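The next block holds one structure in the form of C-alpha cells; read it before the comments.
The values are calculated or read from the model by the stated rules, or taken from the named source; none is laboratory data. It should be emphasised that the depicted structure is a prediction, and the values quoted were computed from it without experimental measurement. No Cβ is skipped: glycine too gets one built from the backbone with ideal geometry, and neighbour counts run over all protein chains shown.
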Amino acid sequence: MNPTYTPSEVESAAQSHWKAADAYRVTEEAGKKKYYACSMLPYPSGKLHMGHVRNYTINDMLTRYLRMNGYNVLMPMGWDAFGLPAENAALKNGVPPAKWTYENIAYMKGQLQAMGLAIDWSREIATCDPAYYKWNQWLFLKMLEKGIAYRKTQVVNWDPVDQTVLANEQVVDGRGWRTGALVEKREIPGYYLKISDYAPELLEHTQHKLPGWPERVKLMQENWIGKSEGVRFAFTHDIRGEDGQLIGDGRMYVFTTRADTIMGVTFCAVAPEHPLAAHAARGNPEIAAFIEECKAGGVTEAELATQEKKGMATGLVVSHPITDEAVPVWVGNYVLMSYGDGAVMGVPGHDERDFAFANKYGIEIQQVVLVDDEPAFDYHQWQEWYADKERGVTINSDNFSGMRHKEAVDAVAHALAQKGLGEKKTTWRLRDWGVSRQRYWGTPIPIIHCPEHGAVPVPEKDLPVVLPTDCVPDGSGNPLNKREDFLACECPICGKASRRETDTMDTFVDSSWYFMRYCDPKLDTAMVGEGAQYWMPMDQYIGGIEHAILHLLYARFWTKVMRDMGLVTIDEPFTKLLTQGMVLNHIYFHRDEKGGKHYHPPLEVTPVLDASGRIVGGTTADGRQVEYGGVGKMGKSERNGVDPQDLIEKYGADTARLYTMFTAPPEATLEWNDAAVEGSFRFLRRVWNFGSALKGRAVVAGDAVFGKNAKALRHEVHTVLRQVDYDYQRMQYNTVVSGAMKLLNALEGFKSQDGDAGDAAAVKEGFGILLRVLYPATPHLTHQLWHELGYAAEAGELLDAPWPQVDEKALEQDEVTLMLQVNGKLRGSLVVPAGADKAQIEALAVGSEEFLKFAEGQAIKRVIVVPGRLVNVVVG
C-alpha cells in the first residue's frame with residue numbers, strides 16, 4: 001500500500017476493478033426491492049460542468065447507499081442529443097451536427113467515467129439514434145390515429161434572410177440572431193399534441209399524486225396548467241366582411257374571470273390576427289402597418305408580458321352585452337390569437353394592464369368596485385386594491401351593484417345566459433403542444449405529402465424515417481429541403497411520386513420518455529417492455545429547477561398517453577423529485593470602447609478587496625483592471641466555469657465529489673470556493689493516512705472485551721452512525737460528510753493501549769463504519785482501503801457490503817457527564833454512573849471539588865437535578 005495518497009493511482013485501480021467485474025450492470029430481479037434513481041440526461045455540448053458533477057454525485061450517493069441496504073438499484077445515463085446548439089455549431093464550424101454531437105458524447109462519457117459513477121452503461125441511449133427516435137415516430141403516428149396529434153397552422157418567427165423559422169431565444173430585439181434581419185410572424189402548418197385534453201387530470205394529479213415533489217415545483221405546474229373559472233360571452237356587432245356576411249356571425253367572444261367588473265368595460269382589444277383587425281386593416285393603411293409591426297413581436301405569453309403594450313383604435317365598435325352601449329375596438333400587440341378567442345374586454349379601472357393601456361391612449365376609466373377603508377380611487381396611479389376581488393363590492397353597476405365577487409359573477413352569468421350571449425366556463429392556460437420544428441437536427445416527422453391524398457402517415461413497417469447525418473446547415477433554411485434522396489418517396493396509398501415532411505420534432509419529445517427507454521434499451525420490437533413494468537414509476541428523479549415546468553409537464557403528459565394506449569400501467573412517471581441547486585462562481589469582466597463586456601476566468605484574476613473585505617474588482621496577470629460582476633451561475637459565456645477535468649487531474653474525482661456534497665445541501669446553491677476544495681482533499685488524505693497506519697495491526701479474532709476508552713469510542717461512532725443514516729434517508733448529504741469528519745476525528749483522537757484487543761477491535765470497527773459511510777461520496781479511496789485493510793475478505797465488495805447497523809448496546813453508557821452549576825452558573829462537569837438516582841447524583845455533586853471550591857462554605861438550600869443534563873446546587 002502506497003503510504004502517500006495518490007488519487008490518480010487509487011482511482012485508476014478502482015475503476016479497472018469495477019470494469020473487470022462489470023460491477024454496475026443491473027438486471028430485473030423479481031425477489032428484490034427495486035429502486036430507480038435517475039438524473040436528467042445531459043445535452044452533449046462538449047464538456048461537463050460542476051453542475052453536472054453535483055447532479056450525478058447526488059444520484060450516485062443515493063444509488064450506492066440503497067444498494068448497500070439491499071435494493072436493486074438502477075442508475076442509467078444517456079444523451080439529449082438532438083437540438084439547436086448542434087446546428088449552431090455546424091454553422092460555425094462547417095461540420096455535420098452528427099459528427100459534432102458524437103464527438104462530444106465520447107468526451108463527456110469519458111468525463112463521467114472518470115468520476116467513478118455507478119452507471120449501468122449497458123443501458124446508454126442517445127436520442128439521435130434511429131433505434132431510439134423510431135419510437136418517437138411510432139407513438140406520434142398512434143397519437144395521430146387517436147386524434148391526440150393533429151395538424152393546423154401556427155404562428156412562428158420567420159427570418160426572411162435565412163429563410164428559416166427561429167426559436168424564441170434566437171430573436172434578439174426583434175431581429176434574427178445571425179442575420180440581424182427584422183423577424184416576421186408567419187402562419188405555417190404544423191403538428192400539435194392535445195395536451196389540453198389532459199389538463200384536468202394533470203392538475204388533479206399535481207395536487208394529489210405527487211407527494212414527493214417540492215411544493216414550489218407543484219405550484220409552478222399548477223400555474224402553468226392554469227385552471228380558470230369564469231364567463232365566456234359575446235359582444236355583438238353588425239360588422240360585415242367583403243362578402244357582405246357578418247364577421248363571426250356578429251359576435252366577438254371574450255373570456256373573463258372578472259365578470260363582476262363587466263359594467264366597467266370601456267374598450268375591447270383584439271389580436272393582430274383577429275378577423276376584426278384584418279377587416280379594419282383593409283381600409284386603413286395605418287392599422288395595416290401597425291399589424292405588420294406586431295408581427296415582429298414575440299409569439300409567447302412570457303414575451304408579451306414583458307414587452308411594451310401598444311395599440312391602435314380600429315374605428316370599429318361592438319355592443320356591450322348588458323347596456324347595448326357602443327364599445328370601441330382596438331388592436332393590441334399584447335393579445336394572442338392562440339389564447340382563448342383572441343379578444344379581451346378592457347376594464348382599466350380594475351386590471352393593471354388595462355389601466356396602463358387606458359392612461360397611455362386616453363381611454364375612459366370607470367370604477368365599478370369599491371373596497372372599504374382604502375384611499376380614494378386615483379385615475380392616474382394604479383393601486384393594488386383596484387384588483388382585489390376578495391374584499392371588493394360592486395358599485396356603479398346598476399342591478400349588479402352592492403354584490404361581492406362571486407355573487408356578482410353568478411348574477412352577470414345568469415343575465416348573459418338569459419340573453420343567449422354567454423355562459424359560465426372553465427378555461428385552461430395550458431395550450432396544445434406544438435411539436436413541429438422547421439429545423440434539421442431532430443426526429444423526422446413521419447408524414448408523406450401526396451399530391452392526391454395530402455398528408456399521409458408513413459406505414460409502421462417503414463419506420464424509422466432516418467435522418468441523413470451528413471447535412472451541414474449553411475443558414476439558408478432547412479438542408480433537408482435540398483436533399484432529394486430524403487425528399488423523394490411514393491405515396492403509401494396510391495404509389496404516386498410524393499415528398500417527405502421536412503419538419504422535425506421538438507426536442508422535448510425526445511426527453512419526454514427517455515427514462516422509460518432505459519428500462520428496455522435494446523428492445524427492437526416495442527417501445528417499452530417488461531423492463532418498464534418492473535422499474536417504473538421512477539422512484540427518484542434529480543435535475544435542475546429550470547426544468548420544473550415544460551420538461552416535467554411534457555413527460556407527465558407523455559406517460560399518460562402511453563398509459564391510455566396500454567404501453568404502461570402507471571399514472572405518473574416520477575414518485576419523488578429533487579431539484580438540486582446551481583453551482584455559482586465569481587464573475588469578472590472588462591468593457592470595450594462600445595461598452596461590451598469581455599469576461600475573465602476567476603482563476604486568472606487577483607481580487608481587489610475593500611476595507612471590509614468585500615470584492616470590488618480585480619487585476620489580471622498582465623495588469624488589466626477588471627470589474628466584479630458578483631456571484632452567478634457557472635456558464636460558458638461568463639467564463640466562470642470550473643472544468644471538472646482540471647479538478648480531477650489536480651485533486652482526484654473523490655475530492656471533486658466530496659466538495660460538491662459537503663459545501664451545501666443538495667437543494668441549495670453552492671458557491672465555488674477553491675480553499676474548500678483544498679480542504680476536502682486534505683480530509684481525504686487524512687483518511688488515507690489513518691488507513692495506512694492501521695494496516696498491519698493485529699486484531700484478535702472472536703468477541704473482544706471493550707475497556708472504558710473503547711466503549712467511549714464505540715459510543716461516539718454509533719451515535720454519529722445513527723445521525724448519518726438518518727441524513728442519508730433524507731438525502732442531506734452535506735451533513736453526511738460532516739458525520740464522516742466527526743468519525744475520523746474520533747478515531748484519530750482515540751488513545752488506545754498497545755496490544756489491547758478491545759481497543760484494536762473498536763478502532764477497526766469504527767474505521768470500517770467510516771469507510772462505508774464515506775463510500776457513496778468517495779468510492780475510489782474507500783474501495784482501495786476496504787481491500788487493503790482486509791474488510792473485503794470478511795464482508796465482500798464494498799459496493800454490496802451490508803450497510804452498518806447501529807449497535808444499541810454501544811449507545812448504552814456506564815457513566816454520563818452532567819453540567820455542574822452553583823446558583824445557576826456553570827462551574828464544571830460531573831461524571832456519574834449511568835443508573836445513578838437523584839440521591840446519588842446530589843451526593844456526588846455536593847462532594848465534588850468544583851462545588852466545594854465555588855460554594856465557599858455556604859449552606860446548601862436545595863439541589864436541582866435535570867436527568868441526563870445538569871445538576872444545580874443552590875447555596876446561600
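For segment 660-674, the count of residues that are surrounded by fewer than 17 Cβ atoms within 10 Å (Cβ to Cβ), in contact with a Leu (Cβ under 9 Å, 6 or more places away or on another chain) and closer than 26 Å to Val10 by Cα is nonzero. Residues that are at negative phi and out of contact with any strand residue (DSSP E or B) (no Cβ under 9 Å at 6 or more places or on another chain) do not occur anywhere in segment 814-824. Put simply, of Asp506, Asp485 the only residue that is closer than 24 Å to Lys99 by Cα and free of Cβ contacts under 8 Å to residues at least 24 places away in the same chain is Asp485.
Hey, does segment 154-161 have a residue that's outside the structural domain of Met562 (by TED's automatic domain parsing) and over 29 Å from Asp470 (Cα atoms)?
yes
Taking Thr579 as the residue in question, decide whether it is in contact with a Pro (Cβ under 7 Å, 6 or more places away or on another chain) and either in a strand (DSSP E or B) or not acidic (Asp, Glu) (or both). Criteria met by Thr579. Of all residues in segment 178-194, exactly one satisfies the criterion of being buried (at least 19 other Cβ atoms within 10 Å of the Cβ) and not in a strand (DSSP E or B), namely Val183. Count of segment 355-398 residues, restricted to those that are outside any loop (DSSP other than H, G, I, E, B) and free of Cβ contacts under 8 Å to residues at least 40 places away in the same chain, is 8.
Restricting Gly349, Gly298, Gly340 to residues that are at pLDDT 95 or above and under 43 Å from the mean Cα position of the chain (by Cα) narrows the list to Gly349. Scanning segment 167-177 turns up no residue that is assigned to a strand (DSSP E or B), surrounded by fewer than 20 Cβ atoms within 10 Å (Cβ to Cβ) and at pLDDT 85 or above.
State whether the residues of segment 451-461 include one that is more than 18 Å from Arg151 (Cα to Cα), out of contact with any Asp or Glu (no Cβ under 8 Å at 6 or more places or on another chain) and either charged (D, E, K, R) or buried (at least 21 other Cβ atoms within 10 Å of the Cβ) (or both). Yes.
With the requirement that a residue be closer than 11 Å to Tyr191 by Cα and either hydrophobic (A, V, I, L, M, F, W, C) or touching a Phe, Trp or Tyr at 6+ places or on another chain (Cβ under 9 Å) (or both), what does segment 416-445 give you? Spell out how you get there, then give the answer.
Of segment 416-445, the ones closer than 11 Å to Tyr191 by Cα are 432-437, 445.
Within segment 416-445, Asp432, Trp433, Gly434, Val435, Ser436, Ile445 qualify.
Looking only at segment 798-807, decide whether some residue is out of contact with any helix residue (DSSP H, G or I) (no Cβ under 7 Å at 6 or more places or on another chain) and either modelled with pLDDT under 95 or under 30 Å from Ala13 (Cβ atoms) (or both). Yes, the conditions are met somewhere in segment 798-807.
Within segment 125-147, the set of residues being under 27 Å from the mean Cα position of the chain (by Cα) and part of a loop (DSSP other than H, G, I, E, B) comprises Thr127, Cys128, Asp129. Being within 29 Å of Lys708 (Cα to Cα), surrounded by 15 or more Cβ atoms within 10 Å (Cβ to Cβ) and not aromatic (Phe, Trp, Tyr) is the filter here, so list the residues in segment 851-872 that pass it. Passing the criteria: Val865, Leu870, Val871, Asn872. In segment 304-312 there is no residue matching the filter, namely being in contact with a His (Cβ under 7 Å, 6 or more places away or on another chain), in the same structural domain as Thr261 (by TED's automatic domain parsing) and within 16 Å of Val270 (Cα to Cα). Considering only residues of segment 632-650 that are among the aliphatic types (A, V, I, L, M) and at pLDDT below 90, which is nearest to Pro779 (Cα to Cα)? Step by step, filter segment 632-650, then rank; the result is Val642. Scanning segment 29-78 for residues that are among the charged types (D, E, K, R) and in a loop (DSSP other than H, G, I, E, B), we see that the one that is modelled with the lowest pLDDT is Lys47.
Do the conditions hold for Ala859, that is, is it closer than 30 Å to Asp60 by Cα and free of Cβ contacts under 8 Å to residues at least 60 places away in the same chain? Even if it seems obvious, please write down each step before you answer.
Details: closer than 30 Å to Asp60 by Cα: no; free of Cβ contacts under 8 Å to residues at least 60 places away in the same chain: yes.
For Ala859, the condition - closer than 30 Å to Asp60 by Cα and free of Cβ contacts under 8 Å to residues at least 60 places away in the same chain - is not met.
Residues in segment 101-124: is at least one over 28 Å from Met527 (Cβ atoms) and among the aromatic types (Phe, Trp, Tyr)?
Here is the first cut: in segment 101-124, the ones over 28 Å from Met527 (Cβ atoms) are 103, 107, 110-111, 113-116.
Then keep just the ones that are among the aromatic types (Phe, Trp, Tyr); that gives 107.
Yes - at least one qualifying residue is present in segment 101-124.
Scanning segment 814-871 for residues that are within 26 Å of Glu716 (Cβ to Cβ) and polar (S, T, N, Q) turns up Thr817, Gln821, Ser829, Gln840, Ser848.
If you go through segment 780-833, how many residues are within 25 Å of Phe690 (Cα to Cα) and assigned to a loop (DSSP other than H, G, I, E, B)? So that I can check it myself, show each step before the final result.
Initial filter on segment 780-833 (within 25 Å of Phe690 (Cα to Cα)): 780-807, 810-811.
With assigned to a loop (DSSP other than H, G, I, E, B) added as a condition, the list becomes 789-790, 796-797, 801-807.
Number of matching residues: 11.
Only one residue in Ala653, Ala676, Ala668, Ala664 is at pLDDT 95 or above, among the hydrophobic types (A, V, I, L, M, F, W, C) and under 23 Å from Met731 (Cβ atoms). Which one? Break it down stepwise before answering.
Details: Ala676 fails: at pLDDT 95 or above; Ala668 fails: at pLDDT 95 or above; Ala664 fails: at pLDDT 95 or above.
Selected residue: Ala653, the only one of Ala653, Ala676, Ala668, Ala664 that is at pLDDT 95 or above, among the hydrophobic types (A, V, I, L, M, F, W, C) and under 23 Å from Met731 (Cβ atoms).
Taking (1) under 26 Å from Ala114 (Cα atoms); (2) assigned to a helix (DSSP H, G or I) in turn, Ala777 satisfies each apart from (2).
Annotation: Val568 fulfils all but one of (1) touching a residue at least 60 places away in the same chain (Cβ under 8 Å); (2) in contact with a helix residue (DSSP H, G or I) (Cβ under 6 Å, 6 or more places away or on another chain); (3) of a type in the set (Val, Ile, Thr); the unmet one is (1). Across segment 86-128, the qualifying residues are those that are basic (Lys, Arg) and farther than 27 Å from Met516 by Cβ, and the one among them that is surrounded by the most Cβ atoms within 10 Å (Cβ to Cβ) is Lys99. The residue that is nearest to Asp410 (Cα to Cα), among those in segment 426-467 that are under 30 Å from the mean Cα position of the chain (by Cα) and not in a loop (DSSP other than H, G, I, E, B), is Thr426. Can you find even one residue in segment 775-790 that is crowded, with 17+ Cβ neighbours inside 10 Å, in contact with a helix residue (DSSP H, G or I) (Cβ under 8 Å, 6 or more places away or on another chain) and within 22 Å of Ala810 (Cα to Cα)? There is no residue in segment 775-790 that is crowded, with 17+ Cβ neighbours inside 10 Å, in contact with a helix residue (DSSP H, G or I) (Cβ under 8 Å, 6 or more places away or on another chain) and within 22 Å of Ala810 (Cα to Cα).
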